[in-house]
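The values are calculated or read from the model by the stated rules, or taken from the named source; none is laboratory data. Since we're looking at a predicted model, the values are computed, not measured. Heads up, the Cβs are rebuilt from the backbone with ideal geometry, glycines too, and the neighbour counts pull from every protein chain shown. What goes into the accessible areas is simple: the full protein's heavy atoms, side chains included, and nothing from ligands, DNA or RNA. Shrake-Rupley method; radii C 1.70, N 1.55, O 1.52, S 1.80 Å.
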Amino acid sequence: PKAHACAYVMMAWRVAWFKLYYPLNYYSAFFSIRRSDFDVSAMLKGYDAIKRRIVEIKEKGNLATIKENDVADTLQVALEMLARGYCFKNIDIEKSKAKTFVISNEEKALYIPFCAVDGLGEACGLKIEEERKIKPFYCIDDFASRGKVNQTTLQKLKELGVFEGLPESAQMSLF
């Protein structure tokens, strides 16, 4: 039992060391593991929006679902990250990965992965990564067809503002 307790203490020290000296690496690993347990729109809106979302979930009390309680726990860590001066960047079709948060040390930020969006699974996220290596996406329709993204998920991505500056289709209108 002493060795087991010692192992837990050693692991706690390692986690604390990374959290102190390599915070973006720590947060990237933490959120990548829990990517299914958070509210992307609240995280992108900043500190106050995250705090409001946590309060909403806590006010539900016992009526909150297990998923909502898990989201609240993850949002607590997101709140801590923002308080330390770091931020989340929206999903970027050129930079984001399928499952892991991409670290941007210059911007002191984490790019949210594709799989963080409800309804966008791991296979779809990996397909998007694979297709953008072949050639860049030139329109939203191209993204949807090559990435195998369904309309519901595509609508969620549009609401999050992922396609800023990308045309809807490659069709040109003459009128």
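Here are some notes:
- Simple Cβ-charge dipole of the chain, Lys/Arg +1 and Asp/Glu -1, about Cα centre, in debye nearest 20: 560
- Positive minus negative residues near Cys139 (Lys, Arg vs Asp, Glu; Cβ under 11 Å): -2
- Solvent-accessible area per residue in region 65-132 equals 44 Å², computed with a 1.4 angstrom probe and all protein chains kept.
- The overall shape of region 1-96, judged from the alpha-carbon gyration tensor, is oblate: a/c is not under 1.5, and a/b is no greater than b/c.
- Based on Cα atoms of region 10-59, Rg over Rh with Rh as the Kirkwood radius reads 1.08.
- Rolling a 1.4 angstrom probe over region 100-175 with all protein chains present gives an accessible area of which 53% lies on carbon and sulfur atoms.
- Sparse packing (at most 14 other Cβ atoms within 10 Å of the Cβ) combined with a DSSP loop state is found for the following GluC sites (Glu not before Pro) in region 9-109: Glu94, Glu106, Glu107.
- Subset of Lys19/Lys148; Lys51/Lys89; Lys2/Lys108; Lys2/Lys60; Lys99/Lys156; Lys108/Lys158 violating a 29 Å alpha-carbon distance limit: Lys19/Lys148; Lys2/Lys108; Lys2/Lys60
- Sparsely packed loop sites in region 1-93 (the trypsin sites (Lys or Arg not before Pro) outside DSSP H, G, I, E and B with at most 13 other Cβ atoms within 10 Å) comprise Arg84.
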